[in-house]
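A short reminder: the numbers here are calculations on the coordinates, not readings from a lab. Bear in mind the structure is a predicted one, so any value in this text is a computation, not a measurement. Cβ: placed from backbone, ideal geometry, glycine included. Neighbour counts: every protein chain shown.
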Amino acid sequence: TDPALIDGPFIGFNPIPVVTDPLFDDVIVPPGYIATPFFSWGDPVESDAVDWLPDASNSWQEQLKQAGDNHDGMHFFAFPGEPDRGLLVINHEYSNPTLHPEGIKIINNRRHPDDVKKEQAAHGLSVIEVCQSADGIWHRVYPSAYNRRITAFTPMQLSGPVAGHESVKTMADMDGKTVLGTLNNCANGFTPWGTYLACEENWHNYFVNHDETDYQQRVSHHRYGISTSPLAKNYGWNTVDPRFDATPVPEAAHLGYVNEPNRFGWVVEIDPFEPDSVPIKRTAFGRFSRECVAPALAENGQMAFYSGDDTRGEYIYKFVPSQRYDETVPQRNRNLLDDGVLYVARFDDNGQGEWLALHHGNNGLTVANGFEDQQSVLINARAAADRLGATPMDRPEWAAVNPNNRDVYVSLTNNHLRGSEFEINAANPRADNHHGQIITLREHNNDPAATAFEWELFVLAGEKENSASAPNLTGNIQGDIFSSPDGLGFDADGRLWILTDYDDDEPVMASMGCNQMLCADPVTREIKRFLVGPRGCEITGITWSPDYTTLWVNVQHPGISYPASDGQTRPRSTTVIIRKNDGGVIGT
Ligand code: FEO
Ligand code: CA
Ligand code: CA
Ligand code: CA
């Protein structure tokens, strides 16, 4: 919508204050709005699921049919021609120790196999059907043939340039084309042809390679920080499930599971409307700690998908499909994501920028430099981007595209090593950057396929000017303060919604309070606080009903007892549903 056509103020709610009560255990929204828990860890998803047990004693087999843990990126898809009926697709990024009655147990350096299976069952995604009743309220539909859990066990197809390549073959998959599961699905993307794009973020935390010599030589392991310790960080699956031990086994076919980590870090395309469909890992997007894929679509059908690689000093990428989207030929779009060019961003201090293509044979991406072929460029995208001179950023998280002008907004959440390990530059201007910034990119001629762009800093998060804090903690926010922008989303009118993820401990707690969601006007840069979540949570994942009068947002890993909020019940990651009492558009 052209903002000039909107009735009343662009951002019409009265902002709420920070909440610094260390025992805050609820969700608050502005006067005139209501926020209600909608879908929590353990809720039944597939038919015949059992109810969640508050002592966390549900078995791994029961967990397979229930909502997973750590709700993150999500998207609402309306059924074609039925705006009052749809599917919500929700990532379950990882699992908390609260998944088990007594937390994580490691006995004789081993996990219990059933505990690991429960964690694997709590990863992945949920697809849930929702419908709107006559009073405008959205409800879950249960049972439904569309309700589906995807987990770390679900068979998936590898597709695109890397499928079948030597470097993705394992002793269990001699063809290099079938992977079990998706892991650490953080932010997300979606397509205009009605599919969901799950993104594999911190997959390296699940793998080990004990062979230090091999590890140092294997770029696909060490450039991504796979562990060399006996216990993988999340949380020692390798001790009972051999495919998470990527130490080479000389006598085994394809050295055992040394290539298993190469089968994660991709974009996974899922068709929620076909409950039996096999998810597809699209390897043309390249492999890194894939935060998200925010789509841009030009009038001529040209698309681009923008991604962060959320690690300190990593890069911003975009993938440009070779073919244009054509809504008149639905079948042709089905493999649009298998062919295209992966680019990485260089930000020059003069406000200009360039997209550098990760093309084998060009700009040093050669056999002599260790890149055998285009497949090894895609698998080792970080190392390829190093060579191209991309700009190391302050932990790039979500991207979002303004529907009014296709400007791309990327959150750079924080980086306390800026100014020491990483050089200060205009795009990452603060040493010891605790609060982060949001950067805006404008493609040359507004063309998603452009290789040149202009950029500017949209906002530096942090304290108000003249606060008592150190100078590097001071931001330039016009309006309500926050730290560590993470999730981003645009509604149809072009309001930018900002979701935060910081440690809500002292001293940040004293000024910023619990994690929050804010609403920004991209033109005036005014920012107003819309929601505060319970202590210990991050706010992440955002989507709307087709008329934008209902918003869903995720409360991830709440710390006390939300959503029961009784001070006793174990906390559960929860999708929250928000409505305006008068049924109006959220944010007006
Ligand atoms: Fe899962 Fe980058 O946050
Ligand atoms: Ca998270
Ligand atoms: Ca995140
Ligand atoms: Ca984060």
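State the answer as a single residue: which of ALA461, ASN405, ALA390 lies farthest towards the positive end of the charge dipole of region 382-468, with beta carbon charges of +1 for Lys and Arg and -1 for Asp and Glu, about the Cα centre. Of the listed residues, the answer is ALA390. Taking label points 7 Å from Cα along the Cα-to-Cβ direction, ASN300 and ASN476 give a separation of 3.4 nm. Simple spin-label estimate for PHE153 and SER277 gives 2.4 nm between the two label positions (7 Å along the Cα-to-Cβ direction from each Cα). If the segment from THR178 to LEU417 were pulled out straight at 0.36 nm per residue, it would be longer than the present Cα-Cα gap by 82.2 nm.
Computed from the Cβ-Cβ distance with R0 of 41 Å, the FRET efficiency linking ALA252 to ASP505 stands at 0.35. Seen through its C-alpha gyration tensor, with square-root eigenvalues sorted a ≥ b ≥ c, region 384-464 comes out oblate because a/c lies at 1.5 or above while a/b is not bigger than b/c. Electrostatic bookkeeping for THR98 treats Lys and Arg as +1 and Asp and Glu as -1; over the other residues with beta carbon under 14 Å from its beta carbon, the sum is -1.
One decimal place: the segment ASP349-ASN405 gains 17.8 nm when fully extended, by the rule 0.36 nm per residue minus the C-alpha distance. Modelled spin labels at ARG110 and ASP566, positioned 7 Å past Cα toward Cβ, are 3.8 nm from each other. Other residues with beta-carbon under 13 Å from the beta-carbon of HIS360 carry, at +1 per Lys or Arg and -1 per Asp or Glu, a net charge of -1.
Starting from the Cα gyration tensor of the chain, take the square roots of the eigenvalues, sort them a ≥ b ≥ c, and report rounded, prolate or oblate (rounded when a/c is under 1.5, otherwise prolate if a/b is larger than b/c, else oblate). Cα axes put the chain in the rounded bin. Ranked by how many other Cβ atoms sit within 10 Å of their own Cβ, fewest first, the residues ASP69, ASP26 fall in the order ASP26, ASP69. Enter the Cα centre distance for the pair region 529-588 and region 1-69, rounded to the nearest angstrom. That distance is 3 Å. Taking amide hydrogens as placed 1.01 Å from N in the peptide plane, the amide H of THR228 sits under 5 Å from those of ASN209, each at least 5 positions away in sequence or on another chain.
Centre-to-centre, using Cα atoms only, region 135-152 and region 294-355 are separated by 31 Å.
Using unit Cβ charges (K, R positive; D, E negative) and no other charged atoms, how large, in debye to the nearest 20, is the dipole of region 50-96 about its Cα centre?
140 debye
Placing unit charges on each Cβ (+1 for Lys and Arg, -1 for Asp and Glu) gives region 245-337 a dipole about its Cα centre, and among ASN300, PHE285, THR328 the Cα reaching farthest toward its positive end belongs to ASN300.
Could you tally the net charge around ASN445, taking each other residue with its Cβ under 15 Å from the Cβ of ASN445, Lys/Arg +1 and Asp/Glu -1?
Local charge sum for ASN445: -4.
Placing +1 on the Cβ of every Lys and Arg and -1 on the Cβ of every Asp and Glu, with nothing else charged, gives region 476-588 a dipole about its Cα centre of roughly 260 debye.
Once R0 is set to 30 Å, what does the formula 1/(1 + (r/R0)^6) return for the Cβ-Cβ distance between ASN335 and ASN369, expressed as a FRET efficiency to the nearest 0.05? Working shown, then result.
Numbers: r = 31 Å, r/R0 = 1.03.
It comes out at approximately 0.45.
Once backbone amide H atoms are built at 1.01 Å from N, GLY12 has THR588 as its partners under 5 Å, excluding neighbours fewer than 5 places away on the same chain. For region 174-282, the gyration tensor built on C-alpha atoms gives a prolate shape. Its axis ratio a/c (a ≥ b ≥ c) is at least 1.5, and a/b is the larger of a/b and b/c. Look at the alpha carbon pairs under 8 Å that are at least 6 residues apart: their mean separation over the length of the chain gives a relative contact order of 15 percent. Only one residue of ASN428, THR440, PHE490 has its Cα farthest out toward the positive end of the dipole of region 379-496, where Lys and Arg carry +1 and Asp and Glu -1 on Cβ, and that residue is ASN428. The dipole here belongs to the chain: it is taken about the Cα centre, uses +1 on the Cβ of Lys and Arg and -1 on the Cβ of Asp and Glu, and is about 560 debye.
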